[in-house]
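The values are calculated or read from the model by the stated rules, or taken from the named source; none is laboratory data. The structure presented is a predicted model; accordingly, all values stated were derived computationally and were not measured. Virtual Cβ from ideal backbone geometry, glycine too; neighbours counted across all protein chains shown.
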There are 2 protein chains.
Amino acid sequence: MSDVVSDGNDEEDHDAGLSDRLIESIVAAVDAQDTDRLSELLEPLHPADIADVLEQIRPAERRALLGLWSGEIDGEILSEIDDSIREEVINALPRAVLADAVRELDTDDVVDILEDLEESEQSFILDALEDADRVAVEQAMSFPEGSAGRLMQREIVAAPQHWSVGEAIDYLRSEETLPEQFYHVILVDPKMHPVGYVTLGKILSSRRDALLNDIAEESFRTIPALRDEADVAYMFNQYHLISAPVVDEADRLVGVITIDDAMTVLDEEHEEDILLLAGVGESSLSDGVLETVRRRFPWLFVNLITANLAALVIAQFADTISLLVVLAALLPIVASMGGNAGTQSLTVAVRALASKGLTSSNAARVIRREALVGLVNGIGMALIMGAVGFWGYGSALLGVVLGLAMVLNLVVAALSGVLVPLILNRMNVDPALASGTFVTTMTDVTGFFVFLGLATMVLL
Amino acid sequence: MSDVVSDGNDEEDHDAGLSDRLIESIVAAVDAQDTDRLSELLEPLHPADIADVLEQIRPAERRALLGLWSGEIDGEILSEIDDSIREEVINALPRAVLADAVRELDTDDVVDILEDLEESEQSFILDALEDADRVAVEQAMSFPEGSAGRLMQREIVAAPQHWSVGEAIDYLRSEETLPEQFYHVILVDPKMHPVGYVTLGKILSSRRDALLNDIAEESFRTIPALRDEADVAYMFNQYHLISAPVVDEADRLVGVITIDDAMTVLDEEHEEDILLLAGVGESSLSDGVLETVRRRFPWLFVNLITANLAALVIAQFADTISLLVVLAALLPIVASMGGNAGTQSLTVAVRALASKGLTSSNAARVIRREALVGLVNGIGMALIMGAVGFWGYGSALLGVVLGLAMVLNLVVAALSGVLVPLILNRMNVDPALASGTFVTTMTDVTGFFVFLGLATMVLL
């Protein structure tokens, strides 16, 4: 037990991330090859914080640290560490340490570690496990990636539905291999079909002769093992679940998913959405330069192609621009406003789709709202740019043309911002993917066309 | 208990959001004023799903539904419903129903509801509570918004640290007012300072004569009541907490925060980040047109100003453009590539700051990496645009100028994408706020200046 946190107000924030000072001290101990000091600094830390230390220091320091301290690396640290450096850390560990480390983990954490390793590493870890665990892990690996089956742990606390509280307590007291953390006892029928669950709080506060069936929770949800993990995360969040039983196709209990796994998935889904919207696929701060280039280049390349499309539109109006060069200066304003308004609608729509707030029952209303918002904002911007045109560029008509282009551009931006993700979603494509490029292309092309077209007709 | 979900694979996805069909049926029942049918449809639903129904239907339908079914609205539904329509729903409820509804809630949920209401509503709800609850709620409201004190519930399960398992079980069996859900028994000293906690699983699996102190968890963290809720969410996520005791300034136990509250905060923080990055403040799909305009207009207005800055840069080169109109067509390519590359760096940096993966110990390395990534991507794009310039616009020199501008633009984009949020963060400003506008302005201005400047020197 530690009181590290209770006095956190005046001290460094031990509970909200690592302090820079601590990381500096750790690096200093590594540089000095001072194993004792290193242990003294690292031992009080939570495995998640040690994993963060490993992620934040330089690769060379990481190797040195692992060389000095590898014996102490436990399974929790391996499980917490970012995918992008996990393989490197595992390779740096002595085989015996690695074997010990994975043996103490719950099966779901072992599965999580195995997923990203090469086959030779995988089979070494599988061989290190006890027989029962190995079978459980191999079964979990047989479910598709991203499914509830991969996410669940096989360590289950279940009881026959006819048991009393006393029988359950006696069973729990005698059972040697209970999971690290569990929050419910799952009630099963003789065929191992889950039929309900009882919270531990209810068991503890009921008399020994009470029947488990009588104190079971009212609402009870099971998760099919093939269900997508994003749906699982949604269920936990929506229904405030702490744990939920997983069933196979014959509806038999095969595992349990707990809220920490669901929270991790939810976190990953959010991360994915935000990165996809920004045109970055997966990414990690530990990635090297070339890895990062490899991930971002394709998005920039697609953007380069669509930007050239927009440039082609402008090139059609070269004669107009050569007669009225001020138009060239105003083009980026048109593009930037359309892009911004489109991103606003787009982000709201993508988030609403992800949280299932945007459905076919309100899609028509949302589309109408976005169009109206685009119209009103467009008119506002048009009035401002009209004034800018009049006073800034000495032509009221130029202001009117720019204003009209802006109104249309913002309506197109607002509409495509919500329509593109809706269409992608209906096609079962992640709406966060590439929506941005579509929407900007749409707003750029229409914006430039309308602005320069109107200018050609009205101003020349 | 229901088996609604276990057969979810071939049926509609009851567990992953509401089906469109169900919402249509509910609206039909409302239109037909068929109260029985409405109850039949709504009663099996989880309060969170009923809240979603209320959010997704039209305002007029919502009023009609509440008129037909208001007696059944319970506290959970009020607690689940989106802030943007909660006041409307509360106003539609008969006073007696509202009073009953709030009385069944845990204090943290009552606080959550009160936060957004007007004072007259607040005092009505406070008066409806039992005395002890009212005091607890008023005390929670005395903590600043967004603090751990606001988030916690006052319903606590605590035991003296010298108790045995048997004493704890006897106490829990005799205690009448336990919280709906609890996962730990908090151990306290005679002055109510928390000194550790025991999981219910450990209590259930230990002998009656075991001492609570001996089976307490190894790691134990308390949360100061004034701690920011974002830090609380970070702690729950980082350390896989299920519940954590909250202490006042004298380190006395005053409440408990459970994981569902932390998950809600985490969700809100993510949402805020993603919306701020997109230039949308708060927003909800239930907002009307004017509300939405009001929220988005300021961001567009700021963008309009900065876009005009960029236009001013272009206007300086009017002579160059009039001599070589093709430059005008290429300007949006420069802007768009810089904007995209900047958004990529920016989003990665903002996310890394939020998850505390970007700290002063690795900031220098990340900045260097971003600059190198910008350089490599810039050279790649420059080569492509060099070819486009040569074959597409018939001038290799034009390609070279465009390419050089692009290299510099992508380096500036990558650098400002990570530097701007780092600086905002050091100034204690949310790095997601307005970073986007800063970064685009920076890339637009430098991009245009370098491109047109080089063109003036080299091409004329």
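Looking at the structure I just gave you, is B:Ser322 more than 38 Å from the chain's Cα centre (by Cα) and assigned by TED's automatic domain parsing to the domain that holds B:Leu452? Answer is yes for this residue.
Counting the residues of the stretch B:60-91 that are among the β-branched types (Val, Ile, Thr) and touching a residue at least 60 places away in the same chain (Cβ under 8 Å) gives 1. With respect to B:Phe236, determine if the residue is outside the structural domain of B:Asp108 (by TED's automatic domain parsing), assigned to a loop (DSSP other than H, G, I, E, B) and within 29 Å of A:Val185 (Cβ to Cβ). Taking the combined requirement at face value, the residue does not satisfy it.
Residue-level check: of (1) more than 28 Å from A:Leu226 (Cα to Cα); (2) more than 9 Å from chain B (Cβ to nearest Cβ); (3) crowded, with 16+ Cβ neighbours inside 10 Å; (4) among the β-branched types (Val, Ile, Thr), A:Ile305 misses just (3).
For the stretch B:422-435, the set of residues classified as in contact with a Phe, Trp or Tyr (Cβ under 9 Å, 6 or more places away or on another chain) and either in contact (Cβ under 8 Å) with a residue 24 or more places away in the chain or under 20 Å from B:Asn340 (Cβ atoms) (or both) consists of B:Ala434 only.
Okay, residues lined up against (1) more than 7 Å from every other protein chain (Cβ to nearest Cβ); (2) under 28 Å from A:Ala310 (Cα atoms); (3) not in a loop (DSSP other than H, G, I, E, B):
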{"position": "B:Pro332", "(1), (2), (3)": "no, yes, yes"}
{"position": "B:Ser336", "(1), (2), (3)": "no, yes, yes"}
{"position": "B:Thr347", "(1), (2), (3)": "no, yes, yes"}
{"position": "B:Gly357", "(1), (2), (3)": "no, no, no"}
{"position": "B:Ala364", "(1), (2), (3)": "yes, no, yes"}
{"position": "B:Ile367", "(1), (2), (3)": "yes, no, yes"}
{"position": "B:Gly378", "(1), (2), (3)": "yes, yes, yes"}
{"position": "B:Gly386", "(1), (2), (3)": "yes, yes, yes"}
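Taking (1) in contact (Cβ under 8 Å) with a residue 40 or more places away in the chain; (2) surrounded by fewer than 20 Cβ atoms within 10 Å (Cβ to Cβ); (3) in contact with a Phe, Trp or Tyr (Cβ under 8 Å, 6 or more places away or on another chain); (4) closer than 25 Å to B:Ala262 by Cα in turn, A:Leu211 satisfies each apart from (4).
Restricting attention to the stretch A:288-302, the residues that are facing chain B (nearest Cβ under 8 Å) and either in a loop (DSSP other than H, G, I, E, B) or not basic (Lys, Arg) (or both) add up to 9.
Here B:Leu398, B:Leu372, B:Leu433, B:Leu415 are screened, and the one residue that is in a helix (DSSP H, G or I) and away from chain A (no Cβ under 13 Å) is B:Leu415.
For the structure I just gave you, tell me whether A:Ile26 is at pLDDT below 90, over 30 Å from B:Leu187 (Cα atoms) and more than 8 Å from every other protein chain (Cβ to nearest Cβ). No, not satisfied. Within the stretch B:217-233, being more than 7 Å from chain A (Cβ to nearest Cβ), free of Cβ contacts under 8 Å to residues at least 40 places away in the same chain, in a loop (DSSP other than H, G, I, E, B) and crowded, with 20+ Cβ neighbours inside 10 Å holds for no residue. Inside the stretch B:126-181, residues that are in a loop (DSSP other than H, G, I, E, B), more than 13 Å from chain A (Cβ to nearest Cβ) and hydroxyl-bearing (Ser, Thr, Tyr) make up a count of 1. Checking each residue in the stretch B:261-285 for being part of a loop (DSSP other than H, G, I, E, B) and either more than 9 Å from every other protein chain (Cβ to nearest Cβ) or closer than 18 Å to B:Pro421 by Cβ (or both) picks out B:Ala278, B:Gly279, B:Val280, B:Gly281, B:Glu282. Considering the stretch A:93-108, the residues that are surrounded by fewer than 19 Cβ atoms within 10 Å (Cβ to Cβ) and in a helix (DSSP H, G or I) include one that is nearest to the chain's Cα centre (by Cα), namely A:Arg103.
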